[in-house]
Number of protein chains: 2
Amino acid sequence: MQKITLSTAVLPFLRFNENAKIKSADHEPYDDKVLRVAIMGLGSYGNRVAEAMQSCKRAKLTGVISGTPSKIKDWQSKYNIPDKNCYNYENFDAIKNNPDIDAVYVITPNALHHDQVIRVAKAGKQVICEKPMAINAKEGQEMVDACKKANVKLLVGYRMHFEPKTLEVIRMRKDGEFGKIMFFQGQTGFTIGDPTQWRLNKKLSGGGSMMDIGIYSLNGARYMVGEEPVWITAQETKTNPEKFKEGVDETIQFEMGFPSGAVASCLSSYNMSNLDRFFMTGQRGFAELWPATNYGPIKGRTNKGELTQPHMTHQTVQMDEMAAIILDGKQPIVPVDGEEGVRDLKIIDAIYEAVRKGKRVDLK
Amino acid sequence: MQKITLSTAVLPFLRFNENAKIKSADHEPYDDKVLRVAIMGLGSYGNRVAEAMQSCKRAKLTGVISGTPSKIKDWQSKYNIPDKNCYNYENFDAIKNNPDIDAVYVITPNALHHDQVIRVAKAGKQVICEKPMAINAKEGQEMVDACKKANVKLLVGYRMHFEPKTLEVIRMRKDGEFGKIMFFQGQTGFTIGDPTQWRLNKKLSGGGSMMDIGIYSLNGARYMVGEEPVWITAQETKTNPEKFKEGVDETIQFEMGFPSGAVASCLSSYNMSNLDRFFMTGQRGFAELWPATNYGPIKGRTNKGELTQPHMTHQTVQMDEMAAIILDGKQPIVPVDGEEGVRDLKIIDAIYEAVRKGKRVDLK
């Protein structure tokens, strides 16, 4: 797959090729080739995904799982979801017997993913899980194993893996247009609001900024450089221990080394603005994405000029592509499977370990 | 000085105010108010400084010190320097008795600065020393002490301390326009050529990229954030041990923490291109300089828009400003004295220590 370029592999699909024999997102009848998705967790990001799916050609919202009956009612009327496709956290194992639902997209607090994903797998449904897929690599691996055992696919919500400018930079790197890669910089962070939200509650989040926004820099380092890190160093800084309690990191800087000798310098923060920048330099060229990971439009340039790939709603593209992965066995350019999620979690584990030990952690 | 703005303190001078009662750079007669400078070390940077001084209003090249007679001849004819103002490394102590020379600008390999600066001080001449002022803080302090004892000023060639866009960012930070500073990133490096040059010879350079180009990120972190770091971590990476021998660092990443809780992430490299970027974010705004430290024009922007201060040849501005510091006791916005140089060297010492120990080094 390494040599397939955007123009031959991705863009025709991204352009919503009119020749595709797929029905558009009218609400019935369901088409065999459309992935029928229930969303678990009807929070703000769940809403964003549902909205975006209205423009999908191959994925369709057909069910919901929530602990809040009023939210279910709102979604039912907004998305025309029948009662029989609505579940709560007690009864959703019964989804097993629901022929209207092919897959469940788990969009709940991080610490809940593990048990929920395993229950969905046991119900025999395909799983898409928001990132981070779990709160540590051990849990992530158990989820991968459970899905394998249940013979269902497990995908992780890495929306940037389908973003056209990101993919163009990856194509250029694979084609050697930057020369040997020397350095990657990823700076992701934002100033988080409401101190009572689940993201700042370690029991639900499993950590702090690193789990939520730092993972973009980490994951970005891997797909931009195209290698797996062999060492990690990390430094934590906390300026507001009231808001960012024990175990909830406010700001982490981390550095990585890769087998080729390339290095990365990354920043993860819940207390900084104006970040969201990727930069990579090789011996023959460079790429900058800024913003690199927000909902877009992503902007970027390389030594060859501005990146001009058109913006499309990330979650729409993601869900269409994930439908193709699940339904057709399509291979994405950058993996989005459970193993990919576990790789990030192993490195996050190592980052927290490097912070604790105050020294470099070597990765296998 | 904190509240003096560019428009009142610096720009009138930078605009070469026609009211200034200073003769322009005609070659005679010397004016009492002009700093008459001998350059020690006639290499490429010495040449650049000499060229730039031709446009100075307050500094004038009047002498040379070199071990290469042919270079002295070239410079004599180019800059109209009489034989009596030419010295070599054996006899330059005699400069003591030369009334045509007020100051010596030492532009030789780093490891030579210590002895040369002390000899110049003992000869009773003002000293300007290229950065790094020495190869470690101990030597730097001895130079400061020697100049104090000899009652001469010691300035370090920090040309960016007079650069208008840099000064505007510093003004904005001092005036609170970025809010509380959270993060600084400095990435300085280039792909160094000729492997036989003195910069890659530890005996002459005292180290590698960190001494030569990394110091810009380090010094930049200090003047941009406006604080002194309290801790340092650092990681060294070497991909070409043939070219970058023992003790000559190819690439160093280093991180710093400041008393306010602000952090910095910096990169120093002799084997990367497309760098030279400063970025700083605070709770209310940000600044980017890219390029940040090359010979310019420096480009930059903040949350308020593009920085539009005009480019002037850095070395011209530096030498005019240093003349004002030496002759008039002018206080620069960012210090350029020997103590400032020693502060950088203490941190460079700590960076090398952090690399050696593989853990954080706390600074007093």
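Calculate the mean, over all residues of peptide B:227-238, of how many other protein chain Cβ atoms lie within 10 angstrom of the residue's Cβ. Mind showing how you got there, number by number?
Numbers: counts 0, 0, 0, 0, 2, 1, 8, 2, 9, 1, 9, 1.
Mean shielding count: 3.
With a 1.4 Å probe and every protein chain kept in, tell me what percent of the accessible surface of the protein assembly as shown is carbon plus sulfur. Show your work: numbers first, answer last.
Working: 14470 of 29100 Å².
Within the protein assembly as shown, the accessible surface is 50 percent carbon and sulfur.
Roughly speaking, what is the stretch gain from residue B:33 to residue B:203, that is 0.36 nm per residue apart minus the C-alpha to C-alpha distance, in nm to one decimal? It would help to have the intermediate numbers written out before the result.
Details: separation 170, 0.36 × 170 = 61.20 nm, distance 3.90 nm.
Stretched fully, the residue B:33-residue B:203 segment lengthens by 57.3 nm.
In whole Hz, with x marking every Gly and Pro, tabulate ³J(HN,Hα) for the range A:271-287 from phi via Karplus 6.51 cos²θ - 1.76 cosθ + 1.60, θ = phi - 60°.
9, 9, 10, 6, 9, 6, 10, 10, 9, 9, 10, x, 6, 10, x, 9, 9
Per residue of B:286-298, count partner chain C-beta atoms within 10 Å of its C-beta, then hand back the mean as an integer.
For peptide B:286-298, the averaged partner shielding equals 1.
State whether the protein assembly as shown is rounded, prolate or oblate according to the following rule on the C-alpha gyration tensor (a ≥ b ≥ c being the square roots of its eigenvalues): a/c under 1.5 gives rounded; otherwise a/b larger than b/c gives prolate, and the remaining case gives oblate.
Details: a/c = 2.58, a/b = 2.54, b/c = 1.02.
Cα axes put the protein assembly as shown in the prolate bin.
Please list 3J(HN,Hα) in residue order for the range A:236-253, calculated via the Karplus relation 6.51 cos²θ - 1.76 cosθ + 1.60 where θ = phi - 60°; whole Hz, with x for glycine and proline.
Karplus values, whole Hz, x for Gly and Pro: 9, 10, 10, 9, 9, x, 5, 7, 9, 7, 2, x, 10, 6, 7, 9, 10, 9.
On average over all directions, what projected area in square nanometres does chain B have, based on the convex hull of its Cα atoms?
On the way: hull surface 70.1 nm².
One quarter of the hull surface, i.e. the mean projection, equals 17.5 nm².
Connecting C-alpha atoms closer than 10 Å in a GNM of chain B, tell me which of B:219, B:294, B:110 has the biggest fluctuation.
Of B:219, B:294, B:110, the most mobile in the Gaussian network model is B:294.
Calculate the translational D of the range A:74-123 in whole µm² s⁻¹ from Stokes-Einstein, where the hydrodynamic radius comes from the Kirkwood formula applied to all Cα pairs, the temperature is 4 °C and the viscosity 1.567 mPa s. Before the final figure, lay out each step's value.
Working: Rh = 11.9 Å.
It diffuses with D of about 109 µm²/s by this estimate.
Taking the radius of gyration and the Kirkwood hydrodynamic radius from Cα positions alone, what is the Rg/Rh ratio for the range B:135-235, to two decimal places? Please report the intermediate quantities before stating the final value.
Working: Rg = 16.5 Å, Rh = 16.3 Å.
Ratio of gyration radius to Kirkwood radius: 1.02.
If you take every DSSP beta bridge fully contained in the protein assembly as shown, what fraction is antiparallel? Give it as a percent rounded to 5. Show your work: numbers first, answer last.
Working: 67 of 119 bridges.
The answer is about 55 percent antiparallel.
Please state the charge dipole magnitude for chain A, taken about the Cα centre, from unit charges on C-beta atoms (+1 on K and R, -1 on D and E), reported in debye and rounded to the nearest 20.
Details: 49 positive and 44 negative charges, 82 e Å.
With Lys and Arg at +1 and Asp and Glu at -1, about 400 debye.
Once amide H atoms are built 1.01 Å from N in the peptide plane, which residues 5 or more positions from residue B:155, or in another chain, come under 5 Å H to H?
Sorted by chain and number, the residues that satisfy this are B:127, B:128, B:129.
Just the accessible area per residue of the protein assembly as shown, please: how many Å² with a 1.4 Å probe? Mind dumping the intermediate values first?
Numbers: 29100 Å² over 728 residues.
On a per-residue basis, the protein assembly as shown sits at 40 Å².
Choose one answer from B:135, B:192, B:213: the residue with the largest mean-square fluctuation in a GNM of chain B with alpha-carbon springs under 10 Å.
Comparing B:135, B:192, B:213 in a Gaussian network model of chain B, the most mobile one is B:192.
Looking at chain B, send over the antiparallel percent of its DSSP beta bridges, to the nearest 5. Provide the component values of the computation, followed by the final result.
Values: 33 of 59 bridges.
Bridges in chain B are about 55 percent antiparallel.
When only C-alpha pairs under 8 Å and at least 6 residues apart count, what is the relative contact order of chain B, in percent? Could the numbers behind the result be given before it?
Values: 744 pairs, mean separation 67.9, N = 364.
In percent, rounded to a whole number, it is 19.
Name the long-range amide H neighbours of residue A:87: under 5 Å, sequence gap of 5 or more, or other chain; modelled H, no Pro or chain starts.
A:64, A:65, A:66
Largest first, what is the accessible-area ranking of B:51, B:90, B:340, B:227 with a 1.4 Å probe? Present the calculation step by step, with values, prior to reporting the outcome.
Details: B:51 85, B:90 145, B:340 10, B:227 40 Å².
Result, largest first: B:90, B:51, B:227, B:340.
Greater than 23 Å separation of Cα atoms is the criterion. Which listed pairs, A:96/A:138; B:245/B:364; A:165/A:304; A:125/A:202, meet it?
Over 23 Å Cα-Cα: A:96/A:138; B:245/B:364; A:125/A:202.
Does anything in the range B:171-187 have its amide N under 19 Å from the 7 Å Cα→Cβ label point of residue A:243, and if so which residues?
B:177-184
Using each residue's phi in the range B:292-309, evaluate 6.51 cos²θ - 1.76 cosθ + 1.60 at θ = phi - 60° and report the 3J(HN,Hα) Karplus result to the nearest Hz, with x for Gly and Pro.
In residue order, the calculated couplings are 9, 9, 6, 6, x, x, 5, 10, x, 8, 10, 4, 9, x, 4, 8, 10, 4 Hz.
For the range A:178-243, what is the charge dipole size about the Cα centre, in debye to the nearest 20, if Lys and Arg each add +1 at the Cβ and Asp and Glu each add -1 at the Cβ? Provide the component values of the computation, followed by the final result.
Values: 7 positive and 6 negative charges, 16 e Å.
Around 80 debye, computed over the range A:178-243.
Computed FRET efficiency, Cβ-Cβ of residue A:301 and residue B:331, R0 41 Å: what is it to the nearest 0.05?
Values: r = 41 Å, r/R0 = 0.99.
FRET efficiency, residue A:301 to residue B:331: 0.50.
List the accessible area buried at the contact between A and B, summed over both sides and calculated with a 1.4 Å probe, in Å² to the nearest 100. Each step should come with its number before you reach the end.
Details: alone 15870 and 15850 Å², together 29100 Å².
Roughly 2600 Å².
Once both labels are modelled 7 Å past Cα along the beta-carbon direction, what's the residue A:228-residue B:122 spacing in nm?
The modelled label-to-label distance comes out at 6.1 nm.
Quick one: what Rg and Dmax do you get for the range B:35-164 from the alpha carbons, in Å?
Expressed in Å, the Cα Rg and Dmax of the range B:35-164 come to 13.7, 39.
Among B:209, B:70, B:217, whose mean-square fluctuation peaks in a Gaussian network model of chain B (Cα, cutoff 10 Å)?
Highest fluctuation among the options: B:70.
Let me spell out the model: positive unit charges on the Cβ of Lys and Arg, negative unit charges on the Cβ of Asp and Glu, origin at the Cα centre of the protein assembly as shown. What dipole size does that give, in debye rounded to 20? Write down the numbers at each step before the final one.
Details: 98 positive and 88 negative charges, 16 e Å.
Computed charge dipole of the protein assembly as shown: roughly 80 debye.
In terms of modelled amide H atoms, which long-range or inter-chain residues lie less than 5 Å from the amide H of residue A:267?
Close amide H contacts, sequence-distant or interchain: A:186, A:187, A:188, A:254.
The values are calculated or read from the model by the stated rules, or taken from the named source; none is laboratory data. Just so it is clear, the model here is predicted, and its values are computed rather than measured. Heads up, the Cβs are rebuilt from the backbone with ideal geometry, glycines too, and the neighbour counts pull from every protein chain shown. SASA here: full protein model, heavy atoms, side chains in, ligands and nucleic acids out. Shrake-Rupley method; radii C 1.70, N 1.55, O 1.52, S 1.80 Å.
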